[in-house]
Amino acid sequence: MVDYCRWHNKLIDYDPYFLQWTDEQMCNYALTLCHFIDKMMMSFLKTLEREFITEGGIKERMHKARTGYRQKQDEKLKQLEAECSRLEQALKEASTEAEKWKAAYNDLKQRALKAYYSQQEEIKRLKEKLGEGEG
């Protein structure tokens, strides 16, 4: 009887037996089903109680989820701010280095132009000298 009640919990499962069972048998099966339901409900309630104690109620879980999300966002923001300041420092260093290279380039350019113009003057003077010697 216990095994049958354990696996058959719908009224339609018991229809064929209503005419065969005596009132006493019917009451025993009904009582057995009531005990199974009571045991299942008590187990379910204990599980809910244990879950409530360990995890809290819905409001607590919602608050925990929300604050957890905010903490992750705050951590991510701090990481991005640190990355931004690091990149700003790297940009500043790169700009300083670029200015040094620009100054070195302009100095080299000025020296090259000065050398070029002095050579042009020397070439002109030598041409004039050669022109005097032929004439």
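Going by what's in this entry, would Phe52 be described as among the aromatic types (Phe, Trp, Tyr), assigned to a helix (DSSP H, G or I) and within 30 Å of Cys5 (Cα to Cα)? Don't jump to the end; show me each part of the working.
Values: among the aromatic types (Phe, Trp, Tyr): yes; assigned to a helix (DSSP H, G or I): yes; within 30 Å of Cys5 (Cα to Cα): no.
No, not satisfied.
If you go through segment 19-49 and keep only what is part of a helix (DSSP H, G or I) and exposed (fewer than 10 other Cβ atoms within 10 Å of the Cβ), you end up with Asp23, Glu24.
Can you find, within segment 55-67, the residue that is nearest to Cys5 (Cα to Cα) among those that are surrounded by fewer than 11 Cβ atoms within 10 Å (Cβ to Cβ) and of a type in the set (Gly, Ala, Ser)? Looking at residues that are surrounded by fewer than 11 Cβ atoms within 10 Å (Cβ to Cβ) and of a type in the set (Gly, Ala, Ser), I get Gly57.
Read the figures in this text as sums done on the coordinates, not as results from a lab. Just so it is clear, the model here is predicted, and its values are computed rather than measured. Neighbour counts run over all protein chains shown; Cβ positions are idealised from the backbone, glycine included.
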